[in-house]
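The values are calculated or read from the model by the stated rules, or taken from the named source; none is laboratory data. None of the values given here were measured: they were computed from a predicted structure. When we count neighbours, we look across all protein chains shown, and the Cβ atoms used for this are built from the backbone with ideal geometry, even at glycine. Heads up: the accessible areas ignore ligands, DNA and RNA and are worked out on the full protein's heavy atoms, side chains in. Shrake-Rupley method; radii C 1.70, N 1.55, O 1.52, S 1.80 Å.
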Amino acid sequence: MTAMDSQAFLLRNPLFTTRQFAQASGRRPDSASRTLSRLARDRTVVQITRGIWAQPSHPSFQPLGAVPYLLHNEQGYVSFLTALHLHGLLSQIPNTFQVATTGHGRTLDSPIGRFEFLQIKPSMMVSGIELTTQPAPYPLASAEKALLDTFYLATRRGRRFSRLPELELDEFDAREFFRLLEEQVIDARIRSAIRRRYERLTTD
């Protein structure tokens, strides 16, 4: 890859992997990695985690665009408080980017933010999720799906999200929420617990 080719690649890609950079340049991955490390020292790029890079100064850059790269081969999407905030139901900005995943729960602290991966069942990933239309797209739960995921985890061991910040539900589609609940939560006891949680939320 010539210097001009490198510049063109970086102009097109706010987020990318070492492999993508290597394939575009016709280099071996180790050579591409050394080049990217030099660019990182010059602060042209930052390394999010091993093999994944970002350009925070790129006009199309957004941290959540890294989610598809960080999921690797797992199913997953942006959900929970992060999605509720993006949909305008939560004014408070979460201090982590929360992602539902079929993989193991984990947290990644990176130069572009903290990502928290929370495990849910694959059966809860059948609907209520869309790909955003930004230049760096990522899968995002609908407001109704994000609240369902949040309540679902609140019923599990450890009772994550047992308390929530105040939510704005003026534009919330309760019928869609209950449709997703019936479709995705098989256990009747958990469904009942989620219904009770929703009723408390809307009557307090």
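Checking the structure you have, find out if any residue of region 152-163 is within 15 Å of the chain's Cα centre (by Cα), within 20 Å of residue 64 (Cβ to Cβ) and crowded, with 17+ Cβ neighbours inside 10 Å.
Within region 152-163, not a single residue is within 15 Å of the chain's Cα centre (by Cα), within 20 Å of residue 64 (Cβ to Cβ) and crowded, with 17+ Cβ neighbours inside 10 Å.
Of everything in region 164-204 that's β-branched (Val, Ile, Thr) and not in a helix (DSSP H, G or I), which residue is nearest to the chain's Cα centre (by Cα)?
Let us first name the residues in region 164-204 that are β-branched (Val, Ile, Thr), namely 185-186, 190, 194, 202-203.
Retained after the next criterion (residues that are not in a helix (DSSP H, G or I)): 185-186.
Values: 185: 21, 186: 25 Å.
Here the answer is 185.
Please go through region 1-59 and give me each residue that is among the β-branched types (Val, Ile, Thr), more than 18 Å from residue 113 (Cα to Cα) and at pLDDT 90 or above, ordered by number.
First pass over region 1-59, keeping only residues among the β-branched types (Val, Ile, Thr): 2, 17-18, 35, 44-46, 48-49, 52.
Subset that is more than 18 Å from residue 113 (Cα to Cα): 2, 18, 35.
Scanning region 1-59 gives 18, 35.
Give all pairs with beta carbons closer than 9 Å in which a residue from region 100-115 that is open to solvent by less than 20 Å² (accessible area, probe 1.4 Å) and of a type in the set (Phe, Trp, Tyr) meets a residue that is assigned to a strand (DSSP E or B) and modelled with pLDDT of 95 or more; count only pairs at least 6 apart in sequence or on separate chains.
Note: pairs meeting the criteria are 115/48; 115/97; 115/98; 115/99; 115/106; 115/107; 115/108; 115/109.
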